[in-house]
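FYI, it's all coordinate maths here, none of it is from the lab. Because the structure is a prediction, the values reported are computed rather than measured. Because the Cβ atoms are built from the backbone with ideal geometry, glycine has one as well, and the counts that use them run over all protein chains shown.
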Amino acid sequence: MESRFKDKVVIVTGAGSGIGAATARRFHAEGATVVLNGRRRFKLTEVSEGLGTDRCMIRPADVSIAADVESVVADVIRKLGRIDILVNNAGTGAVGDFLSMPIEHWRDVFAVNVDGVLNMTRAALPHLIERRGSIINVSSLSGLGGDRGLSFYNATKGAVSNLTRSLALELAPRGVRVNAVCPSTTFTDLTTPVFEQHPEVLARLLQRIPMGRGAQSEEVASVIAFLASDDASFVNGVNLPVDGGVGASNGQAFFM
C-alpha cells in the first residue's frame, strides 16, 4: 500500500464499525496516525487491536455533545500536535411513516447526523486551517434525493450534503477542502442484520443498482481516502455518489 498519508493525523468519527472502521484501516494502511472516535469503547478497541498500537489512538465521545468533542480535539492536539484530516462518519437512521414516528426520533437523528458534523467540524477547524487540511463528510444517496419511509434520515443527510457545499465555498480561501461521499446500499454491521431480516427490502434496493450489488465498506473508504489525498487537490464541494450507478437513472422503468 502506498503511503499517501505518512505523518498525517486523521480523526474518524463512528470508527467502531462499518464505513468508519474501514476508513480508519485504509488511512492507517497508507501511513496515517488515526484517531478512532465513537460512543462504544469496546468497538473502538476491536478496531484498534486490528491496527496495532502504532499510530492509533482511541478517543470515545458522543459527537452530539459539543463539550465531549472539544475535549477529544484538545487531547489530540496535546498528544499529536496536529489534525490534517477529519472524516465525519458517525451517523444513525430512522425508518417509518412520517406521521407516526415520534418527534424524539427526529431530534435524535439530527443530534448525531447533523449536530455531530457541526460540533466536530467547529472544534477541529482551527487546526485544519493551520495544516491546510481536508474534511470528508459521509452523507448518503439519501442526501441527494428522497426515499419513501426515510423522511427523517433524508432531512439530516440533505443537511449534511448542503453544509458540505457551503463550507467548501467558505473554507477554500483558507486552504481547507470540504467534500462528501454519498453511498447507496452498503453492507455494514448496522445494515446487514436488517437485510437478513428483510430480504425483500434488499432485493428491491439491489434491483435499482445497475451493478447488481451493494457496496462493501472498504469501497466507500477508498473513495474517502481519495478525496482526502493530494490526488484530489482540486476537488472541492463535491457530494460524490458511491452508488453503483443508481444516480445515472432518471427513475423510470427499465426497457431491457
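Run the Debye formula on the Cα coordinates of the chain, all scatterers equal and no solvent, and tell me log10 I(q)/I(0) at q = 0.07, 0.10, 0.14, 0.15 1/Å.
-0.22, -0.46, -0.92, -1.06
Helix-only estimate, please: 222 nm mean residue ellipticity of the chain, summing -39500 (n - 2.57) across DSSP H runs of length 4 or more and dividing by its residues, to the nearest 500.
Using -39500 (n - 2.57) per qualifying helix, the result is -13500 deg cm²/dmol.
Rounded to the nearest 10 degrees, what's the angle between the helix 18-29 long axis and the longest principal axis of the chain, both from Cα atoms, 0 to 90?
That helix lies at roughly 40 degrees to the long axis.
Provide the packing ranking of 29-39, 224-234, 71-81, i.e. peptides ordered by the mean count of other C-beta atoms within 10 Å per residue, highest first.
29-39, 224-234, 71-81
Can you give the extra length, in nm with one decimal, that the chain gains between GLU218 and GLU200 once fully stretched, where that is 0.36 nm per residue apart less the Cα-Cα distance?
Between GLU218 and GLU200, full extension yields an extra 4.0 nm.
Size of the stretch 32-99 along its principal axes in angstrom, Cα-based, largest extent first?
Rounded to whole Å, the extents work out to 48, 27, 19 Å.
Report, by chain and number, residues whose modeled amide H sits under 5 Å from the one on VAL242, excluding near sequence neighbours (fewer than 5 apart, same chain).
HN-HN under 5 Å from VAL242: CYS182, SER184.
What is the helix-to-structure angle for 66-80, meaning the angle in degrees between its Cα long axis and the longest Cα principal axis of the chain, kept from 0 to 90 and rounded to the nearest 10?
50 degrees
Count the net charge of all other residues whose Cβ sits under 12 Å from the Cβ of ARG204, scoring Lys and Arg as +1 and Asp and Glu as -1.
Once all neighbours under 12 Å are counted, the net charge is 0.
Near LYS157, which aspartates and glutamates are there with a Cα under 13 Å away, not counting those fewer than 8 places off in the same chain?
Correct list for LYS157: ASP115, ASP147.
Taking K and R as +1 and D and E as -1, what net charge do the other residues with C-beta under 14 Å from the C-beta of GLY145 add up to?
Around GLY145, the surrounding residues sum to +1.
Relative contact order for the stretch 184-256: what percent, with Cα pairs under 8 Å and sequence separation of 6 or more?
Over the stretch 184-256, the number comes to 41 percent.
Report the rotationally averaged projected area of the stretch 1-139 based on its alpha-carbon convex hull, in square nanometres.
For the stretch 1-139, averaging the hull's shadow over all directions gives 8.5 nm².
Mind ordering 103-112, 150-159 by average Cβ neighbours within 10 Å, highest first?
150-159, 103-112
Sum up the charges of everything whose Cβ sits under 12 Å from the Cβ of ARG82, counting Lys and Arg as +1 and Asp and Glu as -1, but leave ARG82 out.
Every neighbour counted, the sum reads +2.
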